[in-house]
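What follows is a set of notes on a single structure, which appears directly below.
Each value in this text was obtained by applying a stated rule to the coordinates, not by laboratory testing. What you see is a predicted model, and the numbers here were worked out from it, not measured in a lab. Virtual Cβ from ideal backbone geometry, glycine too; neighbours counted across all protein chains shown.
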Amino acid sequence: MVLTGGVGGGVRRRHPVSDRWVRWIAKPIVFLGCLAPLAWLGWLAFSGGLGANPIEAAVRSLGDWGLRFLLLSLAITPAARSLNLPVLMRFRRMLGLFAFFYVCLHLLAYVGLDQFFDWTAVWDDIVKRTYITVGMAAFLLLLPLAATSTKGMIKRLGSNRWKRLHALVYPAAILACLHYIMMVKADLRAPLVYAGILMLLLGWRIGAALRRRGVPLLRRGPRPLRGSA
């Protein structure tokens, strides 16, 4: 979910001016940008702009942004390698944690605003409504990723174990898209777009893994015999 380190294997030495620019200018701008959807949702709630069912609108909006930030965090590695911009990797952990932040708000809004902390009703929904079961499974997969997102946890777990643990982000993202598809009953265009983006990101990773192992992605046909027409 929030891998750290250089892109393409080697660790690249960073220029101190670049470090200061990223730390004191770029990261605060991105941080504030990640909070903008929440601020806009708060303004809509205050001004009565959430429609006839404001609770449902708030719950869904928070879930949408959780999924968007999750996909953005997964898009960092392909973008950094394709554009040769390793500095992008320094924003991946922030985007991953904001994804978890919005997912937590999504869950809290459902439990608190929609169900009024009626835990019996919440449990009945988890058991009876498949899309909620799938959504809760995605949330549980994200929990250990958020809890182990610090550099200290990488050292404590070891790089290989930590990477294997954070591979849970892939089934979590699949379950999140499935949760969205199952929840929407009429217009499936938006959830299918998110699912399509996820498939592209996963396909890129599969291709990159095969290339690292020396597996040719496109097999060539048999070479013609010498002297043949």
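Here are the numbers for this structure:
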{"item": "Restricting the range 147-164 to residues that are surrounded by fewer than 17 Cβ atoms within 10 Å (Cβ to Cβ) and not basic (Lys, Arg), the residue that is nearest to LEU70 (Cα to Cα)", "result": "ALA147"}
{"item": "Single match in VAL193, VAL127 (criterion: over 19 Å from the mean Cα position of the chain (by Cα), assigned to a helix (DSSP H, G or I) and either on the phi > 0 side of the Ramachandran plot or not charged (D, E, K, R) (or both))", "result": "VAL127"}
{"item": "Residues within the range 35-58 that are surrounded by 15 or more Cβ atoms within 10 Å (Cβ to Cβ) and closer than 27 Å to LEU200 by Cα, tallied", "result": "1"}
{"item": "Those residues of the range 78-102 which are among the basic types (Lys, Arg) and surrounded by fewer than 18 Cβ atoms within 10 Å (Cβ to Cβ), in sequence order", "result": "ARG81"}
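A quick yes/no check of all residues on (1) of a type in the set (Asp, Glu); (2) without any contact (Cβ under 8 Å) to a residue 60 or more places away in the chain; (3) not in a helix (DSSP H, G or I):
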residue: MET89; (1), (2), (3): no, no, no
residue: TYR102; (1), (2), (3): no, no, no
residue: LEU107; (1), (2), (3): no, yes, no
residue: GLY112; (1), (2), (3): no, yes, no
residue: PHE116; (1), (2), (3): no, yes, yes
residue: THR120; (1), (2), (3): no, yes, no
residue: TRP123; (1), (2), (3): no, yes, no
residue: ALA137; (1), (2), (3): no, yes, no
residue: LEU141; (1), (2), (3): no, yes, no
